[in-house]
Amino acid sequence: MVSTGVSHFSHDDCLGSVVCHILVRRWMCGTHNEPGHLKMHASEEEPKAPAMAQEETGRPVWSVMIPAYNPRADYLDQALRSVLAQDPGSDRMQIELVDDCSTKVDVASMVRSIAQDRIAFSANSRNLGLAGCWNACIGKAQGQWIHILHQDDYVLPGFYERIEAAASAHPDVCLIATRTFNVDRDGFIESVTPRVPGLEDGGNTVADFYYAVPISCPGVVVRRSFYAQHGGFRSDLTYTLDVEMWARVVSRCGGLVLPDVVAVSRQHPGNETFRLLHTTEGLKDLWRLSEVFARTFPEFDPRRARKAVCRQALDASERLSLAGDIDAARDQRRFWRQNASFGEKVRQCLRGVAQRIL
């Protein structure tokens with residue numbers, strides 16, 4: 001994350017000593033506002049299990065499910081071919097693309113041109129959004145293990161082989177993940193997800209998910225039986241629905257994170273993750289996630305999480321300002337003003353004063 005300076009703040013952002021004085025006076029008089037006035041609350045209901053076929057013998061080991069919406073042809077081609085290169089046969093691997101009512105491209109034709117009839121194609125009757133389409137994928141999955149692979153991500157050679165070996169060695173866990181390269185639009189590596197030592201031998205430790213995202217979607221597979229018993233993705237979360245799911249699986253049924261890097265996540269201006277990272281929608285969703293975690297995990301510290309969200313807003317504001325996206329930067333600053341604690345505002349104010357003096 002970019003370190004935050006104060007060059008993008010104005011006098012309205014309390015960078016003057018007079019404004020600092022006013023803030024302190026308000027605090028002493030008990031008129032300051034604490035976070036909580038944003039209307040962005042998560043549902044308290046447990047997510048429901050998607051409609052799924054009953055258990056039966058002879059299921060394939062794998063269901064590789066690809067949710068898609070107006071996919072870019074070259075990215076989808078790479079995603080599908082990365083799976084086909086490791087295809088053990090239809091008796092062991094179901095591969096299906098689920099189109100969420102694309103409006104700009106003929107996804108069915110794209111799939112046929114790449115894989116003929118090896119990859120099944122189905123389309124939702126209406127656009128369901130992220131959670132709805134992912135849950136539709138779960139409902140259609142027939143395999144023992146479900147891999148939801150996004151249209152612009154892909155896997156590296158050996159992914160399914162290593163996961164299957166790990167599943168045999170750890171029959172009790174319900175989530176297995178590998179580490180993931182994060183690449184840009186052109187496929188150049190920008191970073192890699194960290195090792196998670198607490199889960200490299202399997203376990204139920206979820207602390208690594210509280211304030212960070214240690215694993216990434218293309219590297220994660222989940223047992224079908226877990227979704228059937230504990231529900232699908234939450235529809236009241238958007239940017240963070242995967243993080244909540246991973247924490248839920250690990251806490252209830254155990255998880256394993258391998259140190260191998262055999263999956264790739266692509267960040268580019270056309271995907272949903274990129275868009276959410278550049279708006280306050282992602283910040284509000286992180287706020288909702290903190291509510292869910294606070295209800296679920298007694299050791300989770302919502303104040304720490306929300307402080308980190310506010311800090312992220314400041315970082316994003318500076319980054320967007322430098323990129324020339326003034327409106328987006330202004331929205332991030334507004335989010336910070338509305339939700340940062342009084343102490344955080346005073347500290348930021350004093351940093352600004354110190355920089356002006358020095």
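Quick notes on this one:
- Full extension of the chain between Phe188 and Ser113 gives 24.4 nm of extra length, using 0.36 nm per residue less the Cα-Cα distance.
- Pairs from the list Lys48/Lys307; Lys48/Lys140; Lys140/Lys284 with a Cα-Cα gap above 19 Å: Lys48/Lys307; Lys140/Lys284.
- Ser251/Val61 FRET efficiency (R0 25 Å; Cβ-Cβ; nearest 0.05): 0.50
- Note: relative contact order over region 269-358, using C-alpha pairs below 8 Å and six or more positions apart, is 25 percent.
- All other residues whose Cβ lies under 13 angstrom from that of Ala177 are scored, Lys and Arg at +1 and Asp and Glu at -1, for a net of 0.
- The overall shape of region 62-268, judged from the alpha-carbon gyration tensor, is rounded, with an a/c ratio under 1.5.
- Using a simple spin-label model with pseudo-atoms 7 Å out from Cα toward Cβ, Arg295 and Lys48 lie 1.7 nm apart.
- FRET E, pair Arg337, Arg162, Förster distance 45 Å, beta-carbon r, rounded to 0.05: 0.45
Read the figures in this text as sums done on the coordinates, not as results from a lab. This one's a predicted model, so the numbers in the text were calculated from it and none came from an experiment. We place every Cβ from the backbone using ideal geometry, glycine too, and count neighbours over all the protein chains shown.
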